[in-house]
Amino acid sequence: MPKPPSADSPAPRAPHPLVGAEFVDAAARPEQFPPAGPPEIAFAGRSNAGKSSAINALAARTRLAHTSRMPGRTQQIVFFRLRSGAYVADLPGYGYAAVPKALKEQWQDFLWSYVTTRPTLVALVLMIDARHGLKDSDDKLLQGFLPSGRPVLVLATKVDKLGTMERKRALASLDEGLREVAGGHYGMVTVIPFSATKREGVVEAEAVIDRWVGATPGPA
């Protein structure tokens, strides 16, 4: 019989749930979504919050999710299939786009409809630039999602760009804002300081995501 791990044993690493992810499709309309069935997790965030970089870091790939110097240009929901059979939905960046207001509102309505009505969406990963904190558009997304009882993982991105004291203040301010926005649903929110460049927070984020969707297929 194997010996149980001692209190001094290192915690086991998460089994990299996004590694091996494969592109499935990009949807500009609901009828283009994959058939409902396997669980999905959505990655969301304001334009330029580091969403694509975070997905690439978690997948150990350089260009699985496309990064762009033109915020707000990618306005499709991109689906990736994981080894477990679950899906990742990479949502359009919101909050900024150098496009006409009517088109911008149309894109945001599309995102809102997916987040609030997709039956197989089990959790949300929300990227917040730690330097800038919560914005009104983040608040609205959380207020629409959290009452459903589904969990949220907040990745406080770009923490490597902050000094020690700036980082401490930024994370405290983010936590305060999340408590106010989430209210009684605050217990459904997990916050992890994250840097795609330094790979800080990758292991911790993997552990949370693996609890939601797993890394490998379950028994047939």
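The values are calculated or read from the model by the stated rules, or taken from the named source; none is laboratory data. This one's a predicted model, so the numbers in the text were calculated from it and none came from an experiment. Neighbour counts are summed over all protein chains in view; Cβ atoms, including those assigned to glycine, are modelled from backbone coordinates with ideal geometry.
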Checklist entry - Taking into account only those residues within segment 127-141 that are more than 16 Å from Glu176 (Cβ to Cβ) and of a type in the set (A, V, I, L, M), which is modelled with the lowest pLDDT? => result Leu141
Checklist entry - Quick one: how many residues across segment 123-132 are under 16 Å from the mean Cα position of the chain (by Cα) and surrounded by fewer than 17 Cβ atoms within 10 Å (Cβ to Cβ)? => result 0
Checklist entry - If you go through segment 56-65 one residue at a time, how many are within 15 Å of the chain's Cα centre (by Cα) and either closer than 16 Å to Val213 by Cβ or part of a loop (DSSP other than H, G, I, E, B) (or both)? => result 4
Checklist entry - Across segment 21-55, what is the number of residues that are in a loop (DSSP other than H, G, I, E, B), surrounded by 13 or more Cβ atoms within 10 Å (Cβ to Cβ) and not polar (S, T, N, Q)? => result 7
Next on the checklist: Go through (1) basic (Lys, Arg); (2) within 18 Å of the chain's Cα centre (by Cα); (3) modelled with pLDDT of 85 or more for Arg29 and report which single condition fails.
Outcome noted: (2)
Next on the checklist: Looking at Gly187 and the list (1) out of contact with any His (no Cβ under 6 Å at 6 or more places or on another chain); (2) surrounded by 15 or more Cβ atoms within 10 Å (Cβ to Cβ), which single condition is not satisfied?
Outcome noted: (2)
